Amino acid sequence: MAGYRELLARVKAEIQEISTIEAHERLTSSEPAERPLFVDVREPDEWEEGHIPGAVYTGRGRLEQRIEGLVPDKTRPLVVYCSAGNRSAFAAKALGELGYENVLNLASGFSDWKRNGFEITIPRVLSADQRSRYSRHLLIPEVGEDGQQRILDARVLLVGAGGLGSPASLYLAAAGVGTLGIVDADVVDESNLQRQVVHSTERLGEPKVLSAKRTLEALNPDVRIVPFQERLTSDNVERILAGGWDVIVDGADNFPTRYLVNDASIWHGIPVVHGSIFRFEGQVTVFAPHQGPCYRCLFPQPPPPELAPSCAEGGVLGVLPGIIGSIQANEALKLILERGDTLAGRLLLFDALGTTLDEVTVRRDPDCPVCGDSPSITDYVDYVEFCNAPLQL
Amino acid sequence: MAAVRIPPTLRAEVGGLRHLDARGDTVAEVIDDLVERYPALERQLLEDGEPAPFVNVFLDGEDVRMLDGADTPVRDGATIILLPAMAGGL
């Protein structure tokens, strides 16, 4: 029966090794094909204290289980490492047995890498509380720890803390979106509570942005709420957008704000998750500046005021904004994660009466006055109150 | 014959119906057929006798403005979605 030393020596004889200096040269090679993928097989706490830049992590214990998911291409050159080159020697042998063709063991390990003063990456790690709070995200391969960090770093601006903004903000806060800006000038009214679930009866008369802030911060202390207790106008839009936002969730209730959000988003290059509701019907889509259509490509001009549904007090089924606002939150998260297919270029029409979902294609209009090839609108238009006077575009 | 989806903002003009069948070989003819049968739709769908620019018409999922506009041929059995802009969010 071989002892550990003997076994290690036998394994080392069966594998290929690479020195620290040579591995570093390969990592920094100008030829991408030359650059191997580093596989870190140490314990999680060792990884968290720092690792080789660009390395993937899988602890030695689960290496065989996980490596094919992490590295499907078995011809890809790999450098396996641990702290001193011993654990990784066994890992390199296992990878060879799994069919990986170009596996090298970093002979002197990560300790020697650090001793040489080579660059290391110290990963940002979630706290124990965050690990627990976001555990259901961490379990999803498309989110995982990297995705959750992206969510925590994200900044989302919600225009409107009403029917659509309520569910959208609740789910985005629950998901851990680090900064949520909320623009709304109104106070909580009794007639809001049939659908605006971020508010509550005890908040009647309170500014909606402050009511939402209390609810959302109580839901998730990781989230910072930036309240803008004002109506979005051409005068304040630049100041509000100066915060730098990754995504805008548009849940406004009037055309001037819709067009204002659109134009600002094009000029700032911020994607807009657009939702609108009326009675039993909702529309939802994503406007990705210059990659897809914008709101003006879809609706070059609003209906005349007397035909405009937003001012008609048409009513809305309370649960409808819950559905549409939740879809908006879903789209916002996908934009943050850069995962999946967003609704860019597609407009979903949800009919709550028939429980049907229709989809139409929306294309970028090369003649669009804002995002087209020769835009005619290049500055904010002074919009007027739509319900009182015709909208001037 | 085309199946036309009536948006909620226009349902009052057609007696609350969500879908209507309409005749016509082009988008313009289909809209004319609707307006003829439901005159209240005229100001919602037409402007100076032409399909109004504030109403989007999707033929089998495509915006007719990206096709041949009001002259776009409509096949038998096509689905048409009329879509005026809605602004409500609160």
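The values are calculated or read from the model by the stated rules, or taken from the named source; none is laboratory data. Predicted model, so just to flag it, every value in this text is computed and none were measured. Glycine also receives a Cβ, built like all others from the backbone with ideal geometry; neighbour counts cover every protein chain displayed.
Structure values in brief
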item	result
Index of the failed condition, A:SER211 passing every other in (1) modelled with pLDDT of 95 or more; (2) of a type in the set (S, T, N, Q); (3) surrounded by fewer than 22 Cβ atoms within 10 Å (Cβ to Cβ)	(3)
Residue, nearest to A:HIS274 (Cα to Cα), within region A:327-357, restricted to residues that are of a type outside the set (A, V, I, L, M, F, W, C) and surrounded by fewer than 17 Cβ atoms within 10 Å (Cβ to Cβ)	A:ASP341
Residue within region A:212-233 that is under 24 Å from A:ILE377 (Cα atoms), in contact with a Lys or Arg (Cβ under 7 Å, 6 or more places away or on another chain) and not aliphatic (A, V, I, L, M) present	no
Residue satisfying all of: in region A:288-298; part of a loop (DSSP other than H, G, I, E, B) and more than 10 Å from chain B (Cβ to nearest Cβ); surrounded by the most Cβ atoms within 10 Å (Cβ to Cβ) among these	A:CYS294
Residues of region A:78-99 classified as in contact with a strand residue (DSSP E or B) (Cβ under 7 Å, 6 or more places away or on another chain) and of a type outside the set (S, T, N, Q), total	10
Elements of type strands (runs of 3 or more DSSP E) in chain B, at least 2 residues being among the hydrophobic types (A, V, I, L, M, F, W, C) and at the interface with chain A (Cβ under 8 Å from one of its Cβ atoms)	B:55-59, B:79-84
Criterion violated by A:LEU210 - all others in (1) touching a residue at least 24 places away in the same chain (Cβ under 8 Å); (2) in a helix (DSSP H, G or I) satisfied	(1)
Qualifying position, being in contact with a strand residue (DSSP E or B) (Cβ under 8 Å, 6 or more places away or on another chain), more than 25 Å from A:LEU260 (Cα to Cα) and not assigned by TED's automatic domain parsing to the domain that holds A:PRO53, among A:GLY205, A:GLY181	A:GLY205
Pair list, Cβ under 8 Å, 6 or more apart: region A:237-260 residue under 13 Å from A:HIS274 (Cα atoms) and within 14 Å of chain B (Cβ to nearest Cβ), other residue of a type in the set (Phe, Trp, Tyr) and part of a helix (DSSP H, G or I)	A:ARG258/A:TYR295; A:TYR259/A:TYR295
Complete set of residues in region A:263-287 that are within 12 Å of chain B (Cβ to nearest Cβ) and either more than 21 Å from A:VAL360 (Cα to Cα) or surrounded by fewer than 24 Cβ atoms within 10 Å (Cβ to Cβ) (or both)	A:PHE278, A:ARG279, A:PHE280, A:GLN283
